[in-house]
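**Q** There's a structure below that I have some questions on.
The values are calculated or read from the model by the stated rules, or taken from the named source; none is laboratory data. What you see is a predicted model, and the numbers here were worked out from it, not measured in a lab. Cβ placement follows ideal geometry from the backbone for every residue including glycine, while neighbour counts extend to all protein chains displayed.
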Amino acid sequence: MTNLSNLRTAVRGRVLLTTDEGFDRARLPWNRAVEQPVRAVVEAADADDVAAVVRYARANGLTVSVQPSGHGASGDTEGVILLRTSLLTDLHIDSFARTARAGAGVTWGTVLTEAGPYGLVGLAGSSPVVSVTGYTLGGGLSWFARRYGWAADSVTAFDVVTPDGERVRATAESDADLFWALRGGGGDFAVVTAIEFDLHPGPDLYGGKVFWPGDRAPEVLRAFRDVTAEAPEELSVWLDLVHFPGSEPMVSVEATYLGRAAQARELLRPFDEIRGPLSDSRAVLPTAELGSISGDPTDPGPGRSRAELLIGLDDLTVKTLLSEPISPLLSLQLRHLGGAMARPSDSPHGPIAEPYLMYLFGLPLTPEITAAIIDKQQSLVDALGTQVSGRKPFGFLNPAESAAAAFEPQALTRLRDIKRHRDPHGVVRSNFPVLG
């Protein structure tokens, strides 16, 4: 086994080996329910450090796994060098060209804050603390996906370190295969140090969340189905059945609208006809506050998730979802897709024809609760039967799943061919390797 002590002399950033104080904390992923064994942790100081680590790994027959913040970890890291790129935080907004260039450690919250004053928005998801790069390598399912498609569709260039340790710029013109693979195929093909992408007009944003008691769920689900059946692409609506431990069940609706508040309120009027809301945060928002709508945790913690795409939301599906309490799950979320997501996309994911995403989430606080969460997720999927398509967005895979579940066979074959050709020695490993 290679002695990694000389890794410290190869880079300027901090290196932590298994015997070093702080190693166990440094190797932790965002999801604390995932065990992540690694041989070393390197916090790269810059892109040159990234290249040095990759060259070191290649020369010593080792593998590098990259995580800016640890989101999306699968635990498939036995024996790897865990490369943290969270210090690569340079961000440049070109308001005239409507573009951004973000280092691998830049978060969506930072991009939205910097782009907002120019009336521009990036295709961010629900969390402001997720890195732009990691999220986009997985495709990136945004609040604004119905209007603008995958976040990966807006990428124009990647700065990368190849498995050979070379720093290059990948565009559709300079390297069509690598550019295609990185736009949603994961980080299995090179280490991305910066990403360039188009920003989109977002001068007006209306959004927020409404909570009702759980017994209003049938009414809320009916309204959700009616609103999403006719929603323009500027409107995104998500529904949550929620059961916090020790509290009564609730149901909520989250929404964003890229446009005037008056238009948004008219489109969302069916929800206003449901009596007894517990709270309502809907308002005109600066784009920098997009993350406040869902209120995703901004600190690491344990979680057990499962995502499925639904081919529809007919009466039987609604009845199935409401037939019994969601406990021990914390949340059963339905996200409306469609719009630009259903149109052609020159990316590994391609279009998503399914109009809804179901996301099942629980807190695995004990082995017994974990087992119950998994059983509940499976029983719900089984009960929905053919309404579940079986395909999953790459960015929503859980550690028990593989990349093969995210792509059509032709795209998966192409991704695997690119991996074998570009990285025959397996120097770079994604959270979900395409050859796994």
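**Q** Which condition does Val129 not pass, out of (1) farther than 30 Å from Pro117 by Cβ; (2) touching a strand residue (DSSP E or B) at 6+ places or on another chain (Cβ under 6 Å), if it passes all the others?
**A** Exception for Val129: condition (1).
**Q** All but one of (1) at pLDDT 95 or above; (2) buried (at least 18 other Cβ atoms within 10 Å of the Cβ); (3) within 30 Å of Arg304 (Cβ to Cβ) hold for Ala52; state the number of the condition that does not hold.
**A** (3)
**Q** If you go through region 298-308 one residue at a time, do you hit one that is more than 18 Å from the chain's Cα centre (by Cα) and under 24 Å from Glu354 (Cα atoms)?
**A** Pass one, region 298-308, residues more than 18 Å from the chain's Cα centre (by Cα): none.
No, because not a single residue in region 298-308 is more than 18 Å from the chain's Cα centre (by Cα) and under 24 Å from Glu354 (Cα atoms).
**Q** Residues to consider are Leu120, Leu82, Leu87; find the one that is within 30 Å of Ala33 (Cα to Cα) and buried (at least 23 other Cβ atoms within 10 Å of the Cβ).
**A** Numbers: Leu120 fails: within 30 Å of Ala33 (Cα to Cα); Leu87 fails: buried (at least 23 other Cβ atoms within 10 Å of the Cβ).
Residue meeting the stated conditions: Leu82.
**Q** Moving to a separate point now. Residues of region 64-75 being under 22 Å from Asp164 (Cα atoms) and either among the aliphatic types (A, V, I, L, M) or part of a loop (DSSP other than H, G, I, E, B) (or both), which ones?
**A** Looking only at region 64-75, we keep the residues that are under 22 Å from Asp164 (Cα atoms), and these are 64-68.
Scanning region 64-75 gives Val64, Val66, Gln67, Pro68.
**Q** Can I ask one more? For region 298-324, enumerate the residues that are under 23 Å from Gly214 (Cβ atoms), loosely packed, with under 12 Cβ neighbours inside 10 Å and free of Cβ contacts under 8 Å to residues at least 24 places away in the same chain.
**A** Scanning region 298-324 gives Asp315, Glu324.
**Q** To continue, here is another question. Taking the options Gly105, Gly109, name whichever one is in contact (Cβ under 8 Å) with a residue 24 or more places away in the chain, under 19 Å from Pro300 (Cα atoms) and touching a Leu at 6+ places or on another chain (Cβ under 6 Å).
**A** Working: Gly109 fails: touching a Leu at 6+ places or on another chain (Cβ under 6 Å).
Sole residue among the options that is in contact (Cβ under 8 Å) with a residue 24 or more places away in the chain, under 19 Å from Pro300 (Cα atoms) and touching a Leu at 6+ places or on another chain (Cβ under 6 Å): Gly105.
**Q** Right, here's the next one. How many residues are surrounded by fewer than 17 Cβ atoms within 10 Å (Cβ to Cβ) and assigned to a loop (DSSP other than H, G, I, E, B) if we restrict to region 414-436?
**A** Applying the first criterion (surrounded by fewer than 17 Cβ atoms within 10 Å (Cβ to Cβ)) to region 414-436 yields 417, 420-421, 424-425, 435-436.
Among the residues that remain, those that are also assigned to a loop (DSSP other than H, G, I, E, B) are: 424-425, 435-436.
Total meeting the criteria: 4.
**Q** Conditions first: (1) modelled with pLDDT of 95 or more; (2) not aliphatic (A, V, I, L, M); (3) not assigned by TED's automatic domain parsing to the domain that holds Phe224. Gly436 passes all but one, so which condition is the exception?
**A** The number of the failed condition is (1).
**Q** Restrict the check to region 395-413 and report whether at least one residue is within 24 Å of Leu235 (Cα to Cα) and surrounded by 15 or more Cβ atoms within 10 Å (Cβ to Cβ). Quick ask: steps written out before the conclusion?
**A** First pass over region 395-413, keeping only residues within 24 Å of Leu235 (Cα to Cα): 395-396.
Checking the rest, the ones that are also surrounded by 15 or more Cβ atoms within 10 Å (Cβ to Cβ) come to 395-396.
Within region 395-413 (the criterion being within 24 Å of Leu235 (Cα to Cα) and surrounded by 15 or more Cβ atoms within 10 Å (Cβ to Cβ)), the answer is yes, since at least one residue qualifies.
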